[in-house]
């Protein structure tokens with residue numbers, strides 16, 4: 001029996017979240033809705049210009065691991081922090097969520113990663129990320145027992161921005177498939193899909209990845225088309241399962257012979273979209289590893305995303321299992 005339901009691999013990042021208007025983004029040269037990679041100097045400059053911020057442990061795959069655990073699943077995480085104050089905060093937070101996180105911290109420089117996330121009045125988030133210690137994640141951090149013992153290994157596309165992390169992913173995926181487990185990935189954002197298009201397509205088409213998570217912008221970027229239908233038809237042929245989110249339009253799940261339309265969860269107020277896709281992946285993967293059909297997997301994903309976007313921060317403040325039970329989804 002696998003030791004874990006889902007192993008997530010990604011950048012261990014502490015988010016610093018603040019509100020701003022569109023003019024602030026324009027004045028500071030920030031691409032709206034994207035993850036902008038920045039250096040330490042730029043991070044200090046933007047931090048000095050931001051308004052009051054909230055610190056919250058984040059990172060796409062870490063958020064998904066926390067979501068799986070909140071549903072009651074057994075989750076593990078590979079990611080690199082430094083042994084500095086932010087690294088200790090990150091480690092405490094993910095352990096407190098019930099996630100197994102045993103990656104050895106980095107001693108000294110560079111410091112733990114941080115993402116300065118600016119949320120505009122429409123709820124859109126623009127991320128400015130200094131990767132710091134994340135770039136030191138490498139093959140030596142792969143724990144073979146977790147890689148081969150989890151039902152699904154899930155990784156974020158953002159890892160492709162660093163060569164050693166890429167090696168770690170390939171090794172983890174190889175161990176997972178050798179043990180007859182599944183591998184999933186998220187395309188992360190449309191610019192990430194554009195940067196690594198050829199390698200992402202090779203991963204998906206070769207069967208190295210079984211399940212793909214994306215939003216409508218990311219999937220169109222991957223296949224270089226303005227047509228959502230064309231992109232959906234392409235990914236249906238390329239991978240076992242694809243789950244594509246469409247904001248208020250819900251999501252579409254496709255496999256070779258099935259198309260499942262998932263409605264968006266009704267919400268009272270859109271506050272912050274940070275972590276929505278990560279929460280969706282958490283709900284879907286929890287449903288998948290517990291043997292549910294694609295419709296139920298999508299409904300759990302949509303439900304989790306709906307809770308997260310009604311709060312500040314990328315991880316639900318509420319217990320997802322309890323909330324899903326109350327709503328009749330579990």
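The values are calculated or read from the model by the stated rules, or taken from the named source; none is laboratory data. Since the structure is predicted, the reported quantities are computational estimates derived from the model, not experimental observations. Cβ coordinates were reconstructed from backbone atoms using ideal geometry, including for glycine residues, and neighbour counts include every protein chain displayed.
Summed over segment 300-317, the residues that are in contact (Cβ under 8 Å) with a residue 24 or more places away in the chain and outside any helix (DSSP H, G or I) give a count of 8.
Looking at segment 257-277, which of the residues that are part of a strand (DSSP E or B) and touching a residue at least 24 places away in the same chain (Cβ under 8 Å) is surrounded by the most Cβ atoms within 10 Å (Cβ to Cβ)? Among those residues, the one meeting the criterion is 262.
Here is a yes/no grid of residues against (1) part of a strand (DSSP E or B); (2) touching a helix residue (DSSP H, G or I) at 6+ places or on another chain (Cβ under 7 Å); (3) crowded, with 23+ Cβ neighbours inside 10 Å; (4) in contact (Cβ under 8 Å) with a residue 24 or more places away in the chain:
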{"site": "116", "(1), (2), (3), (4)": "yes, yes, yes, yes"}
{"site": "129", "(1), (2), (3), (4)": "yes, no, yes, yes"}
{"site": "145", "(1), (2), (3), (4)": "no, no, no, yes"}
{"site": "148", "(1), (2), (3), (4)": "no, yes, no, yes"}
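Within the bounds of segment 182-202, is there any residue that is in contact with a strand residue (DSSP E or B) (Cβ under 6 Å, 6 or more places away or on another chain), modelled with pLDDT under 95 and within 28 Å of residue 19 (Cα to Cα)? Talk me through it step by step, then tell me what you get.
First, pick out the residues of segment 182-202 that are in contact with a strand residue (DSSP E or B) (Cβ under 6 Å, 6 or more places away or on another chain): 182-189.
Among the residues that remain, those that are also modelled with pLDDT under 95 are: 188-189.
Going one step further and asking which of them are within 28 Å of residue 19 (Cα to Cα), we end up with 188-189.
Yes.
Among the residues making up segment 116-159, those that are under 19 Å from the mean Cα position of the chain (by Cα) and farther than 23 Å from residue 172 by Cβ are 116, 117, 118, 119, 123, 124, 125, 126, 127, 128, 130. Of everything in segment 87-105 that's surrounded by fewer than 24 Cβ atoms within 10 Å (Cβ to Cβ) and in a helix (DSSP H, G or I), which residue is farthest from the chain's Cα centre (by Cα)? Only one residue fits best here, namely 88.
The set of residues in segment 64-86 that are surrounded by fewer than 24 Cβ atoms within 10 Å (Cβ to Cβ), over 20 Å from residue 138 (Cα atoms) and out of contact with any strand residue (DSSP E or B) (no Cβ under 7 Å at 6 or more places or on another chain) comprises 72, 85. Please determine, by comparing only the residues of segment 243-256 that are more than 15 Å from the chain's Cα centre (by Cα) and part of a strand (DSSP E or B), which one is surrounded by the most Cβ atoms within 10 Å (Cβ to Cβ). Per the stated criteria, the residue is 251.
Applying a threshold of 8 Å to beta carbon distances and a minimum spacing of six or more residues, or different chains, the list of pairs starting in segment 227-256 at a residue that is in contact (Cβ under 8 Å) with a residue 12 or more places away in the chain and on the phi > 0 side of the Ramachandran plot and ending at one that is surrounded by 19 or more Cβ atoms within 10 Å (Cβ to Cβ) and in a helix (DSSP H, G or I) reads 250/302. Taking segment 233-242 as the range and being within 20 Å of the chain's Cα centre (by Cα), within 25 Å of residue 265 (Cβ to Cβ) and not in a strand (DSSP E or B) as the test, only 235 passes. Restricting attention to segment 176-198, the residues that are assigned to a loop (DSSP other than H, G, I, E, B) and either within 16 Å of residue 148 (Cβ to Cβ) or in contact (Cβ under 8 Å) with a residue 40 or more places away in the chain (or both) total 5.
Residue 108 meets each of the listed conditions (1) assigned to a loop (DSSP other than H, G, I, E, B); (2) farther than 26 Å from residue 184 by Cβ; (3) modelled with pLDDT of 90 or more; (4) in contact with a strand residue (DSSP E or B) (Cβ under 8 Å, 6 or more places away or on another chain) apart from (3).
Would you be able to tell me the number of residues in segment 278-299 that are touching a residue at least 60 places away in the same chain (Cβ under 8 Å), more than 16 Å from the chain's Cα centre (by Cα) and not in a loop (DSSP other than H, G, I, E, B)?
Taking segment 278-299 as the starting set, the residues that turn out to be touching a residue at least 60 places away in the same chain (Cβ under 8 Å) are 278-286, 288-290.
Of the ones still in play, those that are also more than 16 Å from the chain's Cα centre (by Cα) are 288-290.
Subset that is not in a loop (DSSP other than H, G, I, E, B): 288-289.
Of the residues in that region, 2 qualify.
Restricting attention to segment 152-161, does a residue exist that is out of contact with any helix residue (DSSP H, G or I) (no Cβ under 9 Å at 6 or more places or on another chain), part of a helix (DSSP H, G or I) and either without any contact (Cβ under 8 Å) to a residue 12 or more places away in the chain or surrounded by fewer than 24 Cβ atoms within 10 Å (Cβ to Cβ) (or both)? Spell out the reasoning first.
Just the residues of segment 152-161 that are out of contact with any helix residue (DSSP H, G or I) (no Cβ under 9 Å at 6 or more places or on another chain), to begin with: none.
Checking segment 152-161: not a single residue is out of contact with any helix residue (DSSP H, G or I) (no Cβ under 9 Å at 6 or more places or on another chain), part of a helix (DSSP H, G or I) and either without any contact (Cβ under 8 Å) to a residue 12 or more places away in the chain or surrounded by fewer than 24 Cβ atoms within 10 Å (Cβ to Cβ) (or both).
The residue list 124, 136 contains one member that is in contact (Cβ under 8 Å) with a residue 24 or more places away in the chain and surrounded by fewer than 19 Cβ atoms within 10 Å (Cβ to Cβ), which is 124.
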